Amino acid sequence: MNKFNRKIISIVLVILTILAMFMLEKFTDENKSDKVYQKIDLTQNYITDCTIDINDMGIVKYYIEPNIVSVYLRIKVDKNARNLSYTTEKLDVIVSQGTKKGIWPKLNPEDELEKNKKNIIPLNLELRLPNEDIHQYNISQGKVKIIDKQKVIGEININIINSKYKN
């Protein structure tokens, strides 16, 4: 009888482990959209729109921290662009530049942006949204401007919405 109980307990533990694995996989899939990735080509368009829907975020992010949104922009610029910098309008944002590895130091608007060999600027934005506006359709709007030697070479209009509250 004792061996029989051990077998049953072992089978139940294996089943519970498999269920836990499936639940964790579902949880991971649900929260993959916590970050917004956007490729922008400023060589084609001077003004580009970037719409972020916080309703598309994972359930944990949506209910625990909906007022902070991470946006990863990959901005293609002209190969002759030099001394690039940025400015923001109407956005409460922390801007950094980096890759998937390493610490991303905070950038100030007067700091020079680095571009890679393919003339792409990786720009990471951490947007802070007003808590009182989260439960409406239009949450926030703002702009990120890319500047080359005191001249604006591109403008990215960022619109943050919550499609859950669409009219």
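The values are calculated or read from the model by the stated rules, or taken from the named source; none is laboratory data. Quick caveat: nothing in here was measured; it's all calculated off a predicted structure. Heads up, the Cβs are rebuilt from the backbone with ideal geometry, glycines too, and the neighbour counts pull from every protein chain shown.
Exactly one residue among ILE40, ILE47 is within 18 Å of the chain's Cα centre (by Cα), assigned by TED's automatic domain parsing to the domain that holds TYR72, of a type in the set (A, V, I, L, M) and modelled with pLDDT of 90 or more, and that residue is ILE40. Of everything listed in (1) under 23 Å from ASP133 (Cβ atoms); (2) at pLDDT 90 or above; (3) polar (S, T, N, Q), the single unmet condition for THR17 is (1). I'd like to check something: does segment 118-133 contain any residue that is more than 30 Å from SER163 (Cβ to Cβ) and not in a strand (DSSP E or B)? Checking segment 118-133: at least one residue is more than 30 Å from SER163 (Cβ to Cβ) and not in a strand (DSSP E or B).
Scanning segment 55-81 for residues that are in a helix (DSSP H, G or I) and either more than 15 Å from PRO130 (Cα to Cα) or within 12 Å of the chain's Cα centre (by Cα) (or both) returns ASN55, ASP56, ILE59, VAL60, LYS61. Check segment 135-149 and report whether any residue there is outside any strand (DSSP E or B) and within 17 Å of the chain's Cα centre (by Cα). Checked segment 135-149: no residue is outside any strand (DSSP E or B) and within 17 Å of the chain's Cα centre (by Cα).
In this entry, PRO66 passes the filter for residues that are farther than 17 Å from VAL144 by Cβ and in contact (Cβ under 8 Å) with a residue 60 or more places away in the chain.
Going through (1) exposed (fewer than 14 other Cβ atoms within 10 Å of the Cβ); (2) over 18 Å from the mean Cα position of the chain (by Cα); (3) not acidic (Asp, Glu) one by one, LEU113 falls short only on (1).
Out of segment 130-142, which residues are surrounded by fewer than 16 Cβ atoms within 10 Å (Cβ to Cβ) and free of Cβ contacts under 8 Å to residues at least 60 places away in the same chain? Listed by number, the residues that qualify are GLU132, ASP133, HIS135, GLN136, TYR137, ASN138, GLN141. When SER85 is tested against (1) over 15 Å from VAL71 (Cβ atoms); (2) not in a strand (DSSP E or B); (3) not hydrophobic (A, V, I, L, M, F, W, C), just one condition goes unmet, and that condition is (2). Of the residues making up segment 88-117, those that are part of a strand (DSSP E or B) and modelled with pLDDT of 90 or more are THR88, GLU89, VAL93, ILE94, VAL95, SER96.
The condition (being in contact with a helix residue (DSSP H, G or I) (Cβ under 7 Å, 6 or more places away or on another chain) and either surrounded by 10 or more Cβ atoms within 10 Å (Cβ to Cβ) or free of Cβ contacts under 8 Å to residues at least 40 places away in the same chain (or both)) is satisfied by just one residue among ASP56, ASP78, ASP92: ASP56. Among all residue pairs at least 6 apart or on different chains, which show Cβ distances below 7 Å where the first residue, located in segment 115-129, is without any contact (Cβ under 8 Å) to a residue 60 or more places away in the chain and the second is among the hydroxyl-bearing types (Ser, Thr, Tyr) and surrounded by fewer than 18 Cβ atoms within 10 Å (Cβ to Cβ)? That search, which allows pairs on different chains as well, returns PRO122/THR99; ASN124/TYR72; ASN124/SER96; GLU126/SER70.
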